[in-house]
Amino acid sequence: MLDLVLASSSRYRQRQLASLGYQFRVVTPDVDERPLTSESPSAIAQRVATMKAHVVAQKFPKCVVIGSDQTGVCNGRLLVKPNLFERAQDMLLSFRGQSVCFYTAVSVLDPSGRVLCDVVKTEIQFRDYTKSEVTAYLTLDQPLDCAGAIKSEAHGPLLFKSVRSEDPTAIVGLPLIRTSEFLRECGINPLECVEPKTLQNMTGPEPE
């Protein structure tokens, strides 16, 4: 199996990839993530994800490298990480009854220089919640390092009315369905690395 590198400092993406059984190293890419003039949210995510993969691949040319990036937008405005409790509170209150779209890009670069890239859109419709609910959510989940203070893994869905996406994992930061598809094309599949004895131990002995 080829060595796998995740070009990301995101603890969320690291947890996602590890949850599927991938063995990988983590390298933080040094890239300028500022959007270009008149660049769409989807284009930003795709360009930055690919740039991250290319930067790290220069240091690990014999590895398969995963780059990923995510942008969020509400009413035409790009979402940012609030970092402060009060700022996160203001953001979430502005989302009440609104639709927020996230564009999560994954770019997989193999040693031959081939790039496999796609962007998955997730649309979240927020319900009309109260300020006290927002305060409780922020206290419980501490999503200050998430764009728009939106974190779907724990209590975030309590603020949602609906979610639409081809890949429910994309909102976390890495679209695992598309990522695993690209990695299989590169010859990396955790399901093909499980020893028969391990499988037998998990399923138990054959009935007599």
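The values are calculated or read from the model by the stated rules, or taken from the named source; none is laboratory data. Predicted model only: the values in this text are computed from it and were never measured. Don't worry about glycine lacking a Cβ; one is built from the backbone with ideal geometry, like all the others, and counts go over all protein chains shown.
Does Leu93 satisfy the criteria of being of a type outside the set (S, T, N, Q), more than 15 Å from the chain's Cα centre (by Cα) and closer than 19 Å to Gly173 by Cα? Show your work before the answer.
Working: of a type outside the set (S, T, N, Q): yes; more than 15 Å from the chain's Cα centre (by Cα): yes; closer than 19 Å to Gly173 by Cα: no.
No.
May I ask you to list pairs of residues, at least six apart or on different chains, whose Cβ atoms are under 9 Å apart, with the first in segment 73-93 being touching a residue at least 24 places away in the same chain (Cβ under 8 Å) and the second being of a type in the set (Phe, Trp, Tyr)?
Matching pairs, first to second residue: Val73/Phe102; Val73/Tyr103; Cys74/Phe95; Leu79/Phe102; Leu92/Phe126; Leu92/Tyr129; Leu92/Tyr137; Leu93/Tyr129.
Using the structure shown, decide if Leu20 is surrounded by fewer than 17 Cβ atoms within 10 Å (Cβ to Cβ), within 18 Å of the chain's Cα centre (by Cα) and within 30 Å of Gln125 (Cα to Cα).
Values: surrounded by fewer than 17 Cβ atoms within 10 Å (Cβ to Cβ): yes; within 18 Å of the chain's Cα centre (by Cα): yes; within 30 Å of Gln125 (Cα to Cα): yes.
Yes, satisfied.
With the requirement that a residue be closer than 13 Å to Cys117 by Cβ, out of contact with any Lys or Arg (no Cβ under 6 Å at 6 or more places or on another chain) and not β-branched (Val, Ile, Thr), what does segment 42-67 give you?
Passing the criteria: Ser42, Ala43, Ala45, Gln46, Arg47, Ala49, Met51, Lys52, Ala53, His54.
Of Pro35, Pro41, Pro61, which residue is under 25 Å from Leu144 (Cα atoms) and out of contact with any Phe, Trp or Tyr (no Cβ under 9 Å at 6 or more places or on another chain)?
Working: Pro41 fails: out of contact with any Phe, Trp or Tyr (no Cβ under 9 Å at 6 or more places or on another chain); Pro61 fails: under 25 Å from Leu144 (Cα atoms).
Of the residues listed, the single one that is under 25 Å from Leu144 (Cα atoms) and out of contact with any Phe, Trp or Tyr (no Cβ under 9 Å at 6 or more places or on another chain) is Pro35.
Considering Leu191, Leu158, which residue is of a type outside the set (S, T, N, Q) and either at pLDDT 95 or above or part of a strand (DSSP E or B) (or both)?
Values: Leu191 fails: either at pLDDT 95 or above or part of a strand (DSSP E or B) (or both).
Residue meeting the stated conditions: Leu158.
Regarding Ser152, is this residue over 17 Å from Ser68 (Cα atoms) and part of a loop (DSSP other than H, G, I, E, B)? Outline the logic, then answer.
Values: over 17 Å from Ser68 (Cα atoms): yes; part of a loop (DSSP other than H, G, I, E, B): yes.
Spelling it out, Ser152 is indeed over 17 Å from Ser68 (Cα atoms) and part of a loop (DSSP other than H, G, I, E, B).
Quick check: anything in segment 96-111 in a loop (DSSP other than H, G, I, E, B), without any contact (Cβ under 8 Å) to a residue 60 or more places away in the chain and either hydroxyl-bearing (Ser, Thr, Tyr) or within 24 Å of Val65 (Cα to Cα) (or both)?
Initially, segment 96-111 is screened for residues in a loop (DSSP other than H, G, I, E, B), giving 96-98, 110-111.
Restricting the remaining residues to those that are without any contact (Cβ under 8 Å) to a residue 60 or more places away in the chain gives 96-98.
Among the residues that remain, those that are also either hydroxyl-bearing (Ser, Thr, Tyr) or within 24 Å of Val65 (Cα to Cα) (or both) are: none.
Within segment 96-111, none of the residues are in a loop (DSSP other than H, G, I, E, B), without any contact (Cβ under 8 Å) to a residue 60 or more places away in the chain and either hydroxyl-bearing (Ser, Thr, Tyr) or within 24 Å of Val65 (Cα to Cα) (or both).
Please specify each residue of segment 83-95 satisfying the condition of being outside any helix (DSSP H, G or I) and closer than 14 Å to Gly156 by Cβ. Outline the logic, then answer.
Here is the first cut: in segment 83-95, the ones outside any helix (DSSP H, G or I) are 83-84, 95.
Listed by number, the list holds a single entry, Phe95.
So, of the residues in segment 64-111 that are in contact with an Asp or Glu (Cβ under 7 Å, 6 or more places away or on another chain), more than 21 Å from Arg13 (Cα to Cα) and small (Gly, Ala, Ser), which turns out to be surrounded by the fewest Cβ atoms within 10 Å (Cβ to Cβ)?
Going through the qualifying residues, I end up with Gly97.
Can you tell me which residues in segment 112-144 are among the basic types (Lys, Arg) and either touching an Asp or Glu at 6+ places or on another chain (Cβ under 9 Å) or assigned to a helix (DSSP H, G or I) (or both)?
Restricting attention to segment 112-144, the residues satisfying the condition of being among the basic types (Lys, Arg) are 114, 121, 127, 131.
Within segment 112-144, Arg114, Lys121, Lys131 meet the criteria.
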